[in-house]
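Okay, so here's the structure we're looking at.
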Amino acid sequence: MRKEILRLENICKTIDGVKVLKNVSLNLYEGETVKLYGDEGRSLSSIVGLFGGVIKPDSGRIYIDGKEIKLASPLDGKKAEISIIHKKSDLIPNLTVMENLFLERKNYARGLFLKEKKQRARAVELLEILGLDISPDMMASDLKLEQMQIVQLGKALLDDRKIIIMDHTHILLDKEQIKLFEGVFNELAKRNVGILILAQNLRDFTSVSDRMYIMKEGSIIGNLMTSEMEKDKIIQMIAKDYYSEKSGIYLNQTSEEVLRVEGLSTKNMLRNVSFSLNKGEIVSITGSYGSGKYEVGYALYGMERTLGGKIYLHNKRIKIKNPSDAIKRKIVLLSFEKKENGLLYNLSAKENITISRLGNISNFAIIRKELENWLIKTVYNDLSLNIEDDNIAIEGLSLVNQRKVSLARAISCNPDVLILIDPTKGLENESKKQILELLVSFSDRGIAILLISSNLHEILQVSHRVWLFSNGTITGCIDRDMIESREQMNILSSFI
Amino acid sequence: MIKKGLVNFVKNDLASISVVLIVLLTFVITKSNPSRLSFTMVSLSKDIAIFTIVGMAQMATLAVGQFNLAVGAMGGVAGMVCGYLINIPYEGSMNVDTYAQAEIGLALPWYVGVIAALIIGFIVGAIQGGMIVKTKINPFIITLALISVLHGLNMAVTRNIYFRNLPEVFKAINKNTIPATTTPDGGQATTYGVPVMFIVTLVVMVVVWMLYNRTILGRKMLATGVNTRAADFAGINSGRYITLAHGISGMLCALAGVLTVSKLGAAQTSIGDNWMLYSFASAILGGTLLNGGKVSIFGTMIGAGIMMVVNTVLTLLKISAFSHQIFIGALLLIAFMLNKGREALIRQQERAAVKVQDDVQSGGSKNEEFA
Amino acid sequence: MKRVLALVLAVCMLVVFLPACGSSTPQPAPETPKAQTAEDLGVDLSKEVVGGQKEGAEYNFAIVYGGVHPFFDPWLFGAQQAALDLGIPIPIVTSPQNWDQTEQNVIIDGLVAGGINGIGMFPSDAVAGNEKISELVGMGIDVVTLGGSPATPSDATFCYATDVGASVAFATQAIIDELKAQGKTEGKLLHLCSSLADTNTQKRQAAINEVLAKPENAGFVLEWELADTDATEPAEEAISAMYASYIDQVDGIVCTGYVNAQVLGKTMNERGTNDGVVAIGIDDSADVLAAIDNGYMKGTMTQSAWAMGYVGIYALKLLADGYTIKPDAPFFIDSGYFLLTQEGLPAYAESQQKMAYDFVSTMADKYFNPPAN
């Protein structure tokens, strides 16, 4: 029987009031490659943080080689003989590749002096194995993101450790590079190294994995052997409650076109994106990290410079130079891609809600309190939002109420088009549902919603249509009636 | 108990620093020679008046999440502009040949000089803000460079002369008090009132308070200070408000410069040389957050008060003036620690509040809004 | 951005702390030996003043320097000696850190709150200082200005200071005379002057030009003017640059800043030669005195810094005793200057004190009206 080298037992962790890990238990044997697939990047990242000693679990135990260990600081993480390939490079930017590789390797140093010749030979050899066409003297800061990943892999190889953990969330590796990693992992597995890959993406590394854990909303819902790994089965596991819950959400019928985009392009990302949006319609845009799905929203909102393309609102061509233009045209965007972008912390809930509408509640640039209160009241009624003290600082609200305050701001602008980026990111199930129901209620009253999300769950629940994004353009479209079909599900899953 | 007391001390921004100020003032009052007390208070209140405005000038940039190292240089330039405009060219000898240069000046009415200085201050500040926004260079570099540029310009253009034949009405801002100081003929002044300068500052404070609490401009500047990108998302043209905030900062510097001219009885290039540290200390002690989005106007005055009264206290304690700076520096450190404490406290409150609400939510009140 | 700010503040704090530490103990001026009494020097002080404390009069005096500068060091000893001679409380002697009127004002306010009733001050700023002086006089506090003059008209009782223009004119003429004595008919002079912002600098520049404009001095020109060298670093830079490039063209150097004279003296001492330059320094820093002793510097223009403190306290005592300044007394009272050369060195300290004693022995009669009763 193979030896168990790593085991997590009932790990729980709450971050910012959200349970990102719920009773997570998993194990890893020597020589085994295990993939942990989940749709919440945050949960996956906190597992990496756990091993790095950056995140302390609220409860639960970690065993390495059968012995319980405590990882209280990054130093403990280093001592625990675990190599981590981070999604953000942990290379030191102003050292060369070689210096980074040998930073912690004592046997390449004699006392205080480095055995440079030996190091160089080894580094050149290693880079060749890794298929990296770079000089060992290159500065780490000059590397491309994916090159950094590979150098980190090299570091892990040099470490010669029993456990390698790879954070593959939000990563851009091309097929060749994935292949390279897979080859190295195969090789390592033969040397009895245990490998744990955390991914948000169903495709990558599935072929080299011996097992796959499926994680949903912070708990592990499945542990599949290679033979059981069928995409649609997994998707169904993830989307299970979609089938059971969708009946609760009724989507209206729509026809009248509100927004049409023709040939939208930006300098870095978007290539010739065209689509249209109807009144009261919820359209989701999804795609992997770096596919350009966020950039569509930003470009429409005037936060990214467009190179070409025409935007029509109610069949009239408009130009949007900046967000305040967009708001004037009744196009509002809320982004929760990063927590701090969605709200103005330090300001009160009230101030947050009315900030985009100050012109309408003031006389000669002086804000009229009674008008402000009236606006707040109206919006609260609209959203059935219930905040006792609206002078409370935003930080004092629960996450879901913070989200609702953002939505309230958007609604206060009376939008025709609402662009939402990751609106339920980091929320708990119950809260997610509240937000999604609000979205549906918005669509009922005729607001066209562009939902840009990487959460399959919410996409399935509330979309009339789903557009699939890759390489900066729309590469697929799934209609509501077709979402349930298996074929479409397969297409969908290949993008996630 | 002690911990709780400490938390309260930090939390009640104004209360805590008011206590410090009151303690210091009590010390001055008890230790001062009684016959000199009213004079001391008048002197102090004038200093406080000027440095409150200097502090507010810094506060205006802190509010948008930036800072202005060139407060003093801006005040100096504005002061000289004001001096040039209102100086009455002196006919005949000024007794000392080297002051003959003060014979230039436009002898315009005093308010023209003041308004012109305020406008110049605003323009210089707005240019600084515009440069920061357009070039995206760190405000540290730009405002640091502007210190030298402005000070150098001031020296080069004016050749370091003094404008000291200023209209009496203008000097009265410094000299007069309300009610008027009574001076029995030839003797010493007996009763004092509130200096005009202090009243000017109170009025400006009310205006600034209105700006941040009642106007669109103020609200949007605060929003910009919280997080520029989040403000952009909310449809605020953050660049414009950063520029305006620097403009307002420049304008307040100019006002402080003009008041200093009145206080010194002469416009000279050295005005503003020592403002920078005090500006940060007053604003931060007063409860303005370093990373923007929160201002405290009354607090700034208390902060300025502490910084000024401490000097008097030290002199009264017969502590060598050579060591005064140590105390000023220590105060500054305390100010920044308080700032840090406040930020930590806000985060702690946030967590606590979220936890309470989570508990409430999971405790049965689920989904009430959608039931 | 916050990090940058923290860095700036750290640097500022350092800048603030270092001088504070460095200068917290005033160093005794080495050239001021234990003071001798007036009697030792054979001077007769007017009796009514020396006659101890007057009934009901307060003698809470303070001396306030214009800023931190070694020139002020002997003031402390002069002031203390005066208090001892007069039998009054030792005065407070203090200084703002920078030459900044606002800073000086704050210190004065503190002194006033503490009950001071007479101040002898070097106004940090000639013009802006007047506003404070007026306030003080309005309060009934006696103010005499010492060393540096406030702009006139001023409410101060008088100003006891060296006529800086006359002093530098004397030095310039002395250099030219020396060059002429060496047989030269033309020569290039260099002026090491202090801060351009200092009004005294402007007076000195004018005085030098006046001397050179005289017909008998034709042929001698002011070729270089190294301004803003009254601080150690700029002075070192300017002087070493001069030695590196054009020292052979320089015939005479007139120094008008305490520090640049000191640095020049030090440089000459280190080089062990004056390179054929006739140099006259200013004030009495140890380096300058050593350079004169070694024969590298021709001399130095000195005034009695010790006398500043002594005369200041003496005059304040007179005013506190009810003396009033005569209406026809001049505002500027020249404290005198002299060219200290190698011969004068041994008796230098004594002569400084003698200047003070000589002056106060006649001061009451010359400039003051006795109390009315």
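Just so it is clear, none of the values below were taken in a lab; they were calculated from the coordinates. None of these values were measured; they are calculated from a predicted model. Note that each Cβ is placed from the backbone with ideal geometry, even for glycine, and that neighbours are counted across all protein chains shown.
Counts of other chain beta carbons within 10 angstrom of each beta carbon in peptide C:93-104 average 5. Between amide H atoms placed 1.01 Å from N, distances below 5 Å from A:ILE85 occur with A:ILE165, A:MET166, A:ASP167, all of them 5 or more places distant or on a separate chain. Eigenvalues of the alpha-carbon gyration tensor of region A:1-132, scaled by 5 and square-rooted, set the equivalent ellipsoid semi-axes at 32, 17, 16 angstrom, largest first.
Which whole-number value in Å³ per residue fits the convex hull of the alpha carbons of the protein assembly as shown?
Cα convex hull per residue, to the nearest whole number: 231 Å³.
Each of C:PHE359, B:PHE51 was scored by other Cβ atoms within 10 Å of its Cβ. Arranged with the fewest first, they read C:PHE359, B:PHE51.
Rounded to the nearest 20, the size of the Cβ-charge dipole of region C:164-302 about its Cα centre is 380 debye, with Lys and Arg at +1 and Asp and Glu at -1.
Near the amide H of A:VAL258, within less than 5 Å, lie the amide hydrogens of A:LEU277, A:ASN278, A:LYS279, all on another chain or at least 5 residues away, with H placed in the peptide plane. Across chain A, the volume of the C-alpha convex hull divided among the residues equals 170 Å³ per residue.
Phi angles of region C:249-261 translate, via the Karplus equation with coefficients 6.51, -1.76, 1.60 and θ = phi - 60°, into HN-Hα couplings of 8, 7, 9, x, 10, 10, 9, 10, x, 3, 6, 5, 5 Hz per residue; Gly and Pro are given as x. Charge dipole of region A:1-148 (Cα centre as origin; +1 on each Lys and Arg Cβ, -1 on each Asp and Glu Cβ, all else neutral): 460 debye, rounded to the nearest 20.
Summarising the overall dimensions of region A:309-391 from its C-alpha atoms, the Rg and Dmax are 15.2, 45 angstrom.
Toward the positive end of the charge dipole of region C:164-302, with +1 on the Cβ of Lys and Arg and -1 on the Cβ of Asp and Glu, the farthest Cα among C:ALA241, C:THR172, C:ASN269 is that of C:THR172.
Using only Cα atoms, figure out Rg for region B:157-292 and give it as a multiple of 2.2 N^0.38 Å.
Values: Rg = 19.4 Å, N = 136, 2.2 N^0.38 = 14.2 Å.
Here the Cα radius of gyration is 1.37 times the empirical estimate.
Residues whose amide H comes within less than 5 Å of that of B:ASN87, counting only those at least five positions distant or on another chain, are B:LEU106, B:ALA107, B:LEU108 (H built at 1.01 Å from N in the peptide plane). Positive end of the dipole of the protein assembly as shown, charges at C-beta (+1 Lys, Arg; -1 Asp, Glu), about the Cα centre: which of B:LEU25, C:SER95, A:ASN186 has its Cα farthest in that direction? With unit charges placed on the Cβ atoms, the residue in question is A:ASN186.
Computed over Cα pairs, the Kirkwood radius of region C:164-302 leads via Stokes-Einstein (1.567 mPa s, 4 °C) to a diffusion coefficient of 89 µm² per second. Considering every alpha-carbon pair of region A:244-494, the percent of pairs per 5 Å bin, from zero through the bin containing the longest distance, is 1, 6, 14, 18, 20, 17, 12, 8, 4, 1, 0, 0. Shown for region C:164-302: lysine pairs separated by 8 or more places, or found on different chains, whose C-alpha atoms are under 18 Å apart, numbering 9. For region C:112-176, how big is the tail of P(r) above 12 Å, as a whole percent of Cα pairs? Percentage above 12 Å: 69. For the pairs A:LYS404/A:LYS433; A:LYS321/B:LYS220; A:LYS319/A:LYS369; A:LYS67/A:LYS162; A:LYS13/A:LYS233; A:LYS328/A:LYS432, flag any whose C-alpha to C-alpha distance is greater than 23 Å. Where the Cα-Cα span goes over 23 Å, the pairs concerned are A:LYS319/A:LYS369; A:LYS13/A:LYS233; A:LYS328/A:LYS432.
Can you compute the charge dipole magnitude of region A:244-494 about its Cα centre, using +1 on each Lys and Arg Cβ and -1 on each Asp and Glu Cβ, nothing else charged? Give it in debye, rounded to the nearest 20.
Numbers: 32 positive and 29 negative charges, 200 e Å.
The dipole of region A:244-494 has a size of about 960 debye.
When C:PHE331, A:PHE364 are sorted by how many other C-beta atoms sit within 10 angstrom of their C-beta, beginning with the fewest, the order is A:PHE364, C:PHE331.
Order these by the 10 Å Cβ neighbour count, fewest first: A:HIS314, C:HIS69, A:HIS168.
On the way: A:HIS314 14, C:HIS69 18, A:HIS168 23.
Fewest-to-most ranking of A:HIS314, C:HIS69, A:HIS168: A:HIS314, C:HIS69, A:HIS168.
Relative to the longest principal axis of the Cα atoms of chain A, helix A:369-383 runs at roughly 70 degrees.
Taking the square roots of five times each eigenvalue of the Cα gyration tensor of region C:269-373, the equivalent ellipsoid has semi-axes of 38, 12, 10 Å, listed largest first.
Can you tell me how region C:78-221 classifies by the Cα gyration tensor, rounded, prolate or oblate, using a/c under 1.5 as the rounded cut?
Prolate shape, in that a/c is at least 1.5 and a/b is the bigger ratio.
Once the dipole of region A:244-494 is set up with Lys and Arg at +1 and Asp and Glu at -1 on Cβ about the Cα centre, which of A:ILE353, A:ASN268, A:ASN386 lies farthest towards its positive end? After comparing all options, I get A:ASN268.
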